[in-house]
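A short write-up of the structure that comes next.
The values are calculated or read from the model by the stated rules, or taken from the named source; none is laboratory data. Just so it is clear, the model here is predicted, and its values are computed rather than measured. All Cβ positions, glycine included, derive from the backbone under ideal geometry; neighbour counts span all protein chains shown. What goes into the accessible areas is simple: the full protein's heavy atoms, side chains included, and nothing from ligands, DNA or RNA. Shrake-Rupley method; radii C 1.70, N 1.55, O 1.52, S 1.80 Å.
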Amino acid sequence: MNDIRRILIIGNNTRHIACSAKRAGYTVYVIDHFGDVDVRRCVDGVIVLDSHCDISDSKLNEHIKASDVDAVVLGAGFETRRVNLSEKILLGNDPVVANRVSDKEWLAKELNKLGIPHPRIYANGNIEYPAIIKPKQGMGGRLCRIIHEGDVPPDYIAQECLVGNFASVSVLSTEDDAISLAVNEQLIGVPWLGTAFPFRYCGNITPFNDEHGDEMRQIAEGIILHLRLIGSNGVDFIITKDGPVVLEVNPRFQGSLDTVELATGVNLFDAHVQAISGVLKRNVKAQCFATKMVVFATDDMIVRTSLDIDGIADIPHIGSKICARAPIATALGTGIDRKSALHAAMKKALMIRTQAPSIPSRHGQV
């Protein structure tokens, strides 16, 4: 691993991973759908993909083959793509493994083996309403919804509808050991942030000092070890009246990277690489609280003013066209306690909302 200096990161949004890698001293190139102001500022090269269509495997492999890098990282949206690495090192889980882990029916069977609570999956014709339907494969919070009648669409599953608070655990793992870095409170489906989807990821707060924290850490570490995942991985929970229930496993860097780094001072990309090489970062403790809020467009819009402001990340370029329900930018805040960190991020989120007002086009589309 000491010979790895040049990294290619591929994902829907790579900013949080890329900037962490750059701070760790790597030469960084990215392929993503945004090419935001701050990712361009921190990396050594950017390829921006068409946001309206998926890149083919052959085209993606062409980009990888042409890149002069030592290693490749597959971020959210690309972790299951079976890429041709062209003799480059994969810093993360094998896409075959990631694909299996993201299959909710397969994961449910593995959790059953471990005796770990998870939402029941219903068969068509035997659904207890209300139920939640979600894509069978992948981490699609924005595509989840509650149904009160009817059958399950193709490629979706129906799960029991649980009530509780959302949380996640950030885990580092080797093939033989795992350790939790942080328990995070998740912000899911927050209307004030502009999302119309009730289960969409909108950010998180680190640390989450919940009475079930130690239990969630233990469960998350056990799952990651059982699945033999490596590097940085995450486990999502809902904390019900009966205790924590596992929702998903993310076999890749998570959106909580920002707040975990801000709260603990750990460089998560460096810790990820070290974990893959067999060394875990231990005795990590939060030094403060950190909040992340993703602000979404409520209408089609054009960015007219600069959002290049301290505490705002994923900064769109002036003139960018942003469709309704798509993310505008991310607000970050820190504080000595949860309240102050939340307040700091809310101030930045309000700045995003007021400095980038929605401007509907004549036909309702940009």
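Quick look at the numbers
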| item | result |
| --- | --- |
| Solvent exposure ordering (accessible area, 1.4 Å, most first) of T334, T195, T27 | T334, T27, T195 |
| With every protein chain in place, the range 118-160: carbon and sulfur % of accessible area (1.4 Å) | 47 |
| Three-way shape label, the range 6-91, alpha-carbon gyration tensor, a/c 1.5 | oblate |
| Percent accessible area from carbon and sulfur atoms, the range 6-91, protein chains only, probe 1.4 Å | 45 |
| Rg(Cα)/(2.2 N^0.38 Å) for the range 165-355, N = residue count | 1.05 |
| Chain lengthening between T305 and K321 when straightened (0.36 nm per residue, less Cα-Cα) | 4.5 nm |
| Those lysines that a straight Cα-Cα span of less than 18 Å connects to K292, excepting residues fewer than 8 apart in one chain | K339, K347, K348 |
| Solvent-accessible area per residue for the range 165-355 (1.4 angstrom probe, square angstrom) | 40 |
| Largest to smallest accessible area among E211, E261, E128 [probe 1.4 Å] | E211, E128, E261 |
| Non-local Lys pairs in the range 1-104, i.e. 8 or more apart or on different chains, that have alpha carbons under 23 Å apart | 4 |
| Prolate/oblate/rounded call for the chain, Cα gyration tensor, a/c under 1.5 rounded | rounded |
| Accessible area (Å², 1.4 Å probe, nearest 10) - F289 | 40 |
| With every protein chain in place, the range 161-242: carbon and sulfur % of accessible area (1.4 Å) | 48 |
| Cα-Cα pairs of the range 118-160 separated by more than 16 Å (percent) | 24 |
| Area of W192 that stays accessible when all protein chains are in place (1.4 Å probe, Å², to 10) | 120 |
| Accessible area per residue in Å² at 1.4 Å probe, computed on the range 1-146 | 48 |
| FRET efficiency, 1/(1 + (r/R0)^6) with R0 56 Å, evaluated for N209 and E87 via beta carbons | 0.75 |
| Per-pair calculated FRET efficiency, R0 = 30 Å: D103 and I4 via Cβ, rounded to 0.05 | 0.50 |
| Where K292, K109 fall by accessible area, highest first, once all protein chains stay in place (1.4 Å) | K109, K292 |
